[in-house]
Amino acid sequence: MTISKVALAFAALKIKQATMRNCLLFLMLCIIVLRADAQIVRNVKATQEGQRIVIAYELVCAQPTEIMLFLSEDNGKTWNPIEAGVSGDVGMRIIQGKKVIYWDVLESEEKLVGNAFVFKVKSVEVFKTVKIGGQVWMADNLNVDHYRNGDAIREIKDAGQWSNLTSGSWCYYNSNISNGQVYGKLYNWYAVNDSRGLCPAGWHVPSDEDWTALQNFLGGSEMAGGKLKATTGWNLPNGGANNSSSYNGLPGGCRYVNGSFDAIGNFGYWWSVTENDYDNAWGRRLSYVNSDLGRNSVSKLGGFSVRCIKD
């Protein structure tokens with residue numbers, strides 16, 4: 001579930017204080033920057049009407065969408081939600097069409113040093129799910145580049161930089177976006193374990209116990225892998241694959257600690273959020289050779305797929 005951005009950068013946006021907390025808002029120059037991944041929001045225009053900002057936009061989407069308004073006070077390095085004094089076409093389940101957001105600035109700010117607004121847009125429940133036993137899993141690997149609160153997760157392409165990470169990051173296999181369209185993103189464990197939440201609201205990265213419960217329901221580690229693997233997309237022999245669980249596991253490969261990539265077509269690797277020790281966490285592995293669901297302790301610096309499970 002991708003969170004997209006449409007930024008309105010202001011060359012000059014100031015509040016001039018007057019008596020008794022009354023202010024005049026001067027909006028000088030507005031430049032609209034529409035990011036390539038944000039085409040569902042367009043024709044954005046911000047104007048001043050008295051002591052409020054009126055933000056008109058057009059939403060183009062097939063499903064009801066959540067719209068949030070954020071403010072940057074440091075040239076776009078960080079974003080904070082604007083909640084007080086915001087009304088109009090903002091919040092949950094906004095349908096497509098021409099929309100307007102009203103921000104009564106004086107309800108929330110006495111002094112505004114901001115230089116940009118941003119829409120953060122995320123689709124509502126657009127991912128496929130599958131029920132396996134008493135658990136509900138996503139039916140595809142995770143492919144997000146923002147945490148649940150809207151903060152961006154860094155994409156790391158350089159091998160040397162990847163091998164020295166101590167914070168959450170992601171990559172595509174071989175840094176090729178076409179691999180992401182099939183297998184999702186590869187994340188390090190620091191992204192998996194971040195308190196801002198890698199999975200969307202109502203979901204979480206599975207624990208080692210979650211994986212064990214799935215494994216046991218599917219008949220144990222020697223049988224579960226075949227029931228989890230897709231019947232196509234694997235190198236031969238794709239041993240034991242029948243996908244009877246509809247999990248549709250695919251061989252997305254991995255990224256090693258040194259930043260190199262390996263095993264696409266042959267193996268699929270998935271994180272759990274459970275640590276084994278300071279440097280390692282538990283994960284699961286599917287193989288093209290057999291029907292096993294392997295359990296491995298792997299370095300937190302590795303890059304593996306993520307499947308979210310419902311809370």
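Side notes on the structure shown:
- Computing FRET efficiency as 1/(1 + (r/R0)^6) for residue 135 and residue 159, where r is the C-beta to C-beta distance and R0 is 41 Å, gives about 0.70.
- Spacing of the two label points (7 Å from each Cα toward its C-beta) at residue 311 and residue 48, in nm: 4.2 nm
- The fewest-to-most ranking of 204, 146 by surrounding Cβ atoms within 10 Å reads 204, 146.
- Loop-located chymotrypsin sites (Phe, Trp or Tyr not before Pro) in region 265-304 (DSSP state other than H, G, I, E, B) with a sparse environment of at most 16 neighbouring Cβ atoms within 10 Å: 278.
- Taking each of 45/128; 99/157; 229/300 in turn, the alpha-carbon distance tops 30 angstrom for 45/128; 99/157.
- Taking 0.36 nm per residue of separation and subtracting the Cα-Cα distance, full extension of the segment from residue 195 to residue 166 would add 9.0 nm.
Bear in mind these aren't lab numbers, they're just calculated from the coordinates by the rules spelled out. The structure presented is a predicted model; accordingly, all values stated were derived computationally and were not measured. Using ideal geometry, Cβ is built from the backbone for each residue, glycine included, and neighbour counts are taken over all protein chains shown.
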